[in-house]
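Structure record follows, encoded as C-alpha cells.
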Amino acid sequence: MDPLSEEAWAIVVPIVVYWLYSGLYMALGHSISMDKYRLHSKEEEDAKNLVSKRDVVTGVLLQQLVQAAVAAATFTVRPRTLHMAFQAMLSLIPSRVFLHCMAQLAGERRTTTATTASPSSWLAVAARFAVGMVVLDGWQYAWHRWMHTNRFLYRRVHSWHHRLVAPYAFGAQYNHPAEGLLLDTVGGAVAFLASGMSPRASVAFFSLCTAKGVDDHCGLWLPAASPLQRVFRNNAAAGTTSRSRSS
C-alpha cells in the first residue's frame, strides 16, 4: 500500500488522533486548576484501577495493531465488491426497508470532481456518515449490552474494560483483545462497508469516532470547553455527573 495513499491515511490518522487527543486530556487532568472538573481524584485512579497504565498502553497498542491490519485488508480487497455483497445481506434483515434506502442513498456514485464539490456530493457524504453512525452505534450497543447481560461474556471478556474503575483518556480503547476486535475493529469495518464511504471520508469519520471514544472516558467534565461534550450528552462523564447530582 502506498504510504501516501488515502487508504494509508485512513489507517494512520485515527490512531494519531487517539494519542494526541488523549494526551491533551491527560495534560489537562494533571493541572491543579482542573481538579474541580475531575470525576475521580488522582488518588482514586491509583487506588481503584485494577490495571497499570503500562498494561493499558500495551493493550491499546495491540488493539490498534489489529485494527490497522484489518483496515488494510478491507482496503486491499476491493471495497466496491464487498460493499455490494453487504448491501445484499442488508436486504435479508427485518429492517431492510430503512437500511436499504439509506444504503442506496449513501452508495450513489460521487459527483465530486477534482476541483469542485457540488451540494449533492456533500449530501451523499452526509448520508454515508449517517449510515455509518447508525450501523456502528447499533453494532456496538447490541454487543455491549449483551456483554453486560451475559455473565460468561462479562466475566471473561468485558470485565477487562471495567478494570479501569476510574477511567482516563488513553484507556478508552483498553479492552479484552476479543472485544476490541469484535466491537471496534469489525464494527468499524461493517460501518465502512454498509455506508459505502470512500477511504478519504473514512479518515474524518473514524477520527470523529475516536475522539468521541476518548471524550467518553476522559474522566473530565468540560461541557463549556469540549465541543463533543457540549453536543453529545450521552457520554460516560455526563452520565456519572447526572447520577452524582441526583444522589
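The values are calculated or read from the model by the stated rules, or taken from the named source; none is laboratory data. Quantities reported herein were computed from a predicted structural model and do not represent experimental measurements. Heads up, the Cβs are rebuilt from the backbone with ideal geometry, glycines too, and the neighbour counts pull from every protein chain shown.
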Report task. Scan the helices (runs of 4 or more DSSP H) fully inside the range 160-247 and keep the ones with 3 or more residues being modelled with pLDDT of 95 or more. Result -> 199-216
Query raised in the report: Taking the range 111-157, which residues are within 21 Å of the chain's Cα centre (by Cα), β-branched (V, I, T) and either modelled with pLDDT of 95 or more or within 20 Å of G213 (Cβ to Cβ) (or both)?
Result: V131, V134, V135, V157
Report summary line: Sole miss for Y25 among (1) over 21 Å from P199 (Cβ atoms); (2) surrounded by fewer than 18 Cβ atoms within 10 Å (Cβ to Cβ) is condition (2)
